[in-house]
Structures are given as C-alpha cells and as structure tokens.
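What follows is a single structure, written as structure tokens, with notes after it.
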Amino acid sequence: MIDATSSSAIFNKPEAEPQETDQDTILAQWSTVNAQLRAEIGEAAFQSWIKPIKIRSIEDGVVNVTVPTRFMRDWIVAHYAERIASIWQSEVPEVVSLDVSVRSDRSPVQPRENMKRQTPAAGENARDMAGGRQGHNNAGLDARFVFDNFVVGKPNEFAYAASRRVAEAERVPFNPLFLYGGVGLGKTHLMHAIAWHIRQTTPERTVLYLSAEKFMHRFVQAIRESTTMDFKDQFRSVDVLMIDDVQFIAGKESTQEEFFHTFNALVDQGRQIVISADKSPSDLVGMEERLISRLNCGLVADIHATTYELRLGILQSKAAQIRADIPSKVMEFLAHKITSNVRELEGGLNRVVAHSQLIGRDITIEATQEVLHDLLRANDRRVSIEEIQKQVANHCNIRISDMHSARRARSVARPRQVAMYLAKQLTARSLPEIGRKFGGRDHTTVMHAVRKVEELKSMDPGFAEDVELLRRMLEG
Ligand code: ADP
Ligand code: MG
C-alpha cells in the first residue's frame, strides 16, 4: 500500500527544489497501479507489456520509466501510458504523466527470457515459436488478439464458433479449420485467440503460428543451408499448426509441395491445422488441385464484410478498452462512415481519441470529420453498385435479383431506378457501366432513371426524404 504520509511530505517540499519521490514509495505505488492494470488488461497483456517496465523516478509529477526496446516503448505509449498515468494519479493526484524511454543496458535489468517476450516477432526458430514448451514467450502472438476482445456479430459468428471449438476441443473436431475473408476482418485475431487459448489451457501442447510467407522463408533457408530434415522435424512435431494468409504460397510450387506433405503428416498424426486466406480454397488461384481438395476437407468458415451493428459493437468495445468517453453520436457516425474494414475503424477511433487528448478538445462529429477527412474520403469512394443494390432492395423489400431482372412492375422498377440514381451519385461509374450492372441495361435507361428520380424528388418530399435516407446509409 501507499504510505500517505511520506508521499504527501514529498509533494509538500518547497517549490524551488525538484520534487522527487523516493524509491520505496515509488515501488509501492507502482505495485498498486500494477494490480489494477493487471485486472483491467488481463494476464497475457500484463506479462507482455507491463511486467518489463522499470520505474526510474518521479519528478515533478512525471513518472520516468524504461523499457527494453523501442518497439515496446512505442507500443506502451500508444496503448497503456495514458491509462497508467491516470491510475497512478488516482492514487497520487500530483502525478500527471508517464515518460517512457528505452534503457540502454538491457541485460542486467531483465532476464533474457523476458526479453524475448517483448517483440511480437519473437522467436527466430521453430522451437521458440512453438511456445508451449517454453511456456511464456509471445511466439509472434499479439496480446490483444484474444477471444475476449473479439466482438461477435452476424458476419463472423460462424468463424468465431468454429475457432472456439478448435481452441476448446480435446480431440481434433475438424481438420483443417480454414478461415477466410477480406482484409482486416479478424482472421489473424481469431487465429491468435485460438493459440492463446490452447497455450493457456493446455500448455503442454505445442502451438506453432506463422504466416505462409514465413513458412516459405524458413523452407527456402532450410534448403539453402541443407537443413531440410530439421525443418521437417520441427514442423511435423507440433500439436497445432497455424498458417496465416496461405494465399501467399499460391504459384510457389515447391513451397506448396512441402506444405502439402507437412499438412498430410500432421493430419495423419491427428494434429490440428488452422489455415487462413483471403479467399475460399476453391477460389485460390495458383494452388495445386490436390492441396485445394485437402484444404476443403475440414471446416471452411468465411468472415463476411462487417455490418453497421457489428462496427458499432466493435467501436463500443474498443472505446471501453481504452477508457475513452466518446459520444454515441460520434460512434454511430464512425460506424456508418468507415465501412471498409475493422483495422481502419480502429485506427480511426484511435486517431480521434488521440487528437482530442492532444489538443484538449471534446470529441464531436465536426472534429472527427476534420481529423479523419482522408480516411472518410477513401471510404466514401468504396461504395459499390452491389452495395447500393443490396441496400435499396432491402429497404424496399424486393429481391436483389430484381435489380437485374426485366420485370417492369412499378414495385420493382421504381426501386431499381432509385438504385441507378444512387449509383450515379455515389460512384464514379459511367452510365454504360451502371447499365451493365443492372442486368445489361442501356445507358439511356440509366439516364432516364436519374431524371425520373430527380423529378420525383422535387415533387414528393416523402420520396425525397426516403432517397436521402438511403444515400446517408450508403455513404456511411
Ligand atoms: P485480417 O487478419 O483478417 O486481415 P485482423 O485479424 O488483423 O484481420 O484484424 C484487423 C484488426 O481488427 C485487428 O486489430 C483486430 O483486433 C480487429 N478486429 C477485427 N475483427 C474484430 C472483431 N470482431 N472484434 C474486435 N476486433 C476485431
Ligand atoms: Mg491477417
């Protein structure tokens, strides 16, 4: 606990002298802060990021700390510094901030094993990466990518359930688990979460996670150094093998060949394999047939593009994690506007929060628009004709196929015209291009639709409002 008398005595020193707290007091404060942090961020993140921090001194309300690497410093500054300072402040009101620097002499401060933990890319050989045996190093796993931090919604619930199943199962439930989906939708997050879970619950199992790119580099290196037997041994002795972004080895024949054999050897021994890719197995161009058929053998789970609800859920969860107080209007705005992927959504949120903290201004929609204008513009451009068709069809309760069909009934023709109008307004596509996307219609049909919708809008405020609503939904 904190010794209140000594700390207040220290902070009551005369102005002229630099205000410095003695080491024992500091350490006592630090351990109180630690306890709270550990409860907040969980054991894994705590071990990775907080444990290696060394407290040097407190001077004039600034806590000076050091960490072993630059990478760690940047990470802590970005993710934890503010929180550490604010917990500290709740104990000792004089504390205002944290200053993180890299310590020059690493070895006396931390045992070597700890050092390895810092770098997410830790582990230069398969043994290191097979973490189970060593128990503690991060093995290339991101401490934030755990199941608890994964927000589940319609687009990812199947992939999530399948991942949990693999993580929790005692016997291999399906092999391989193949996760696929577009960029930034959570594939790597789920894979790391599986690895973390297994390492926590059954540490005796060896889990090896690596990107397909790394797999290839290791393989090439093994050939160059004539150590292919070691390579094979290493890969074939793990309990769980996870290869991320397997599309990378498309078109790379000998790596595929080696991967194929590794794959079969592991499956034969009843070991679990988890693969991710940006496309389904059958859509992977440049993959050998026999490999594709193996990949298709287990459970194939896709992660769909995010929905508005999922994006909002993710924002709320992230805001809570970083303890940022963000008006719900701003969160809704972001969830509407940044539709491309979760990585950008997170990045946007972080920028908005950092900006408001930096300049000490409230977070508003206007400030958000200002700070994120580049990101918002990039997302604006990404509205596709398909999305427009889908949104309008949903809104008007017709089938998406009616956007392409020849049916002329007003109940489908009008929504179709609205969709064409919106396509013209919201995308950079030409009239003929738009026509083609609507069942191969002529550009004059599109032109007619645009005019018709404009005319209706000017005559019927209810209709205008409806179109406006659709436009806003699509734009954000
Ligand atoms: P991918 O590997 O599919 O390209 P990642 O797994 O790297 O995507 O995810 C990108 C970022 O978005 C990560 O920071 C990840 O934590 C976050 N993310 C993605 N999906 C979710 C989700 N459902 N809940 C919380 N965070 C998510
Ligand atoms: Mg990834």
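Being out of contact with any Pro (no Cβ under 7 Å at 6 or more places or on another chain) and at positive phi narrows it down to one residue among Asp245, Asp268; which is it?
The conditions single out Asp245.
One residue is enough: does segment 342-355 have a residue meeting the conditions closer than 18 Å to Gly184 by Cα and away from ligand 1 (no atom under 15 Å from the Cβ)?
There is no residue in segment 342-355 that is closer than 18 Å to Gly184 by Cα and away from ligand 1 (no atom under 15 Å from the Cβ).
Criterion first (touching a helix residue (DSSP H, G or I) at 6+ places or on another chain (Cβ under 9 Å), within 16 Å of ligand 1 (Cβ to nearest atom), in the same structural domain as Ala354 (by TED's automatic domain parsing) and farther than 21 Å from Leu141 by Cβ) does Ala320 satisfy it?
No, not satisfied.
Wholly within segment 1-113, which helices (runs of 4 or more DSSP H) include no fewer than the required count, namely at least 3 residues that are hydroxyl-bearing (Ser, Thr, Tyr), modelled with pLDDT under 80 and farther than 29 Å from Asn149 by Cβ?
Ranges flagged: 4-11.
If the requirement is being of a type in the set (S, T, N, Q) and surrounded by 15 or more Cβ atoms within 10 Å (Cβ to Cβ), which of these qualifies: Ser293, Ser328, Ser276, Ser282?
Exactly one of Ser293, Ser328, Ser276, Ser282 is of a type in the set (S, T, N, Q) and surrounded by 15 or more Cβ atoms within 10 Å (Cβ to Cβ), namely Ser276.
Pick from Val418, Val412: which is in contact with a Leu (Cβ under 8 Å, 6 or more places away or on another chain) and crowded, with 16+ Cβ neighbours inside 10 Å?
Residue meeting the stated conditions: Val418.
Counting just the residues of segment 421-438 that are of a type outside the set (A, V, I, L, M, F, W, C) and not in a helix (DSSP H, G or I), which one comes out surrounded by the most Cβ atoms within 10 Å (Cβ to Cβ)?
Thr427
Quick check on Leu372: is it of a type outside the set (D, E, K, R), touching a helix residue (DSSP H, G or I) at 6+ places or on another chain (Cβ under 7 Å) and at pLDDT below 90?
Answer is no for this residue.
Residues being touching a residue at least 60 places away in the same chain (Cβ under 8 Å) and not in a loop (DSSP other than H, G, I, E, B): count how many of those fall in segment 164-182.
6
Let's see how each residue does on (1) closer than 30 Å to Thr307 by Cβ; (2) among the charged types (D, E, K, R); (3) more than 16 Å from ligand 2 (Cβ to nearest atom); (4) buried (at least 17 other Cβ atoms within 10 Å of the Cβ):
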| residue | (1), (2), (3), (4) |
| --- | --- |
| Gly182 | yes, no, no, no |
| Lys214 | no, yes, no, yes |
| Ser226 | no, no, yes, no |
| Phe231 | no, no, yes, yes |
| Val246 | yes, no, no, yes |
| Gly251 | no, no, yes, no |
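Across segment 207-238, what is the number of residues that are assigned to a helix (DSSP H, G or I), within 19 Å of Ala250 (Cα to Cα) and either among the charged types (D, E, K, R) or in contact (Cβ under 8 Å) with a residue 24 or more places away in the chain (or both)?
So the answer is 8.
Are any residues in segment 388-404 buried (at least 16 other Cβ atoms within 10 Å of the Cβ) and part of a loop (DSSP other than H, G, I, E, B), and if so, which ones?
Ile398
Being part of a strand (DSSP E or B), touching a helix residue (DSSP H, G or I) at 6+ places or on another chain (Cβ under 8 Å), in contact (Cβ under 8 Å) with a residue 24 or more places away in the chain and among the hydrophobic types (A, V, I, L, M, F, W, C), is that true of even one residue in segment 290-300?
Yes, segment 290-300 has at least one match.
All but one of (1) within 16 Å of ligand 2 (Cβ to nearest atom); (2) of a type in the set (Gly, Ala, Ser); (3) out of contact with any Gly (no Cβ under 9 Å at 6 or more places or on another chain) hold for Ala222; state the number of the condition that does not hold.
(1)
Can you tell me which residue is farthest from the chain's Cα centre (by Cα) among those in segment 176-200 that are at pLDDT 95 or above and away from ligand 1 (no atom under 16 Å from the Cβ)?
It comes out as Pro176.
Scan segment 240-269 residue by residue and report those that are assigned to a loop (DSSP other than H, G, I, E, B) and modelled with pLDDT of 95 or more.
Asp245
Here are some residues: Ser405, Ser411. Which one is touching a residue at least 24 places away in the same chain (Cβ under 8 Å), more than 30 Å from the chain's Cα centre (by Cα) and closer than 29 Å to Asp466 by Cβ?
When all the criteria are applied, what remains is Ser405.
What's the number of the condition Arg164 fails, among (1) within 16 Å of ligand 1 (Cβ to nearest atom); (2) touching a strand residue (DSSP E or B) at 6+ places or on another chain (Cβ under 6 Å)?
(2)
Within 16 Å of ligand 1 (Cβ to nearest atom) and either assigned by TED's automatic domain parsing to the domain that holds Phe150 or within 30 Å of Phe46 (Cβ to Cβ) (or both): which single residue out of Ser254, Ser280 fits that description?
Being within 16 Å of ligand 1 (Cβ to nearest atom) and either assigned by TED's automatic domain parsing to the domain that holds Phe150 or within 30 Å of Phe46 (Cβ to Cβ) (or both) holds for just one of Ser254, Ser280, which is Ser280.
The values are calculated or read from the model by the stated rules, or taken from the named source; none is laboratory data. Quick caveat, the model's predicted, so the values are computed rather than measured. When we count neighbours, we look across all protein chains shown, and the Cβ atoms used for this are built from the backbone with ideal geometry, even at glycine.
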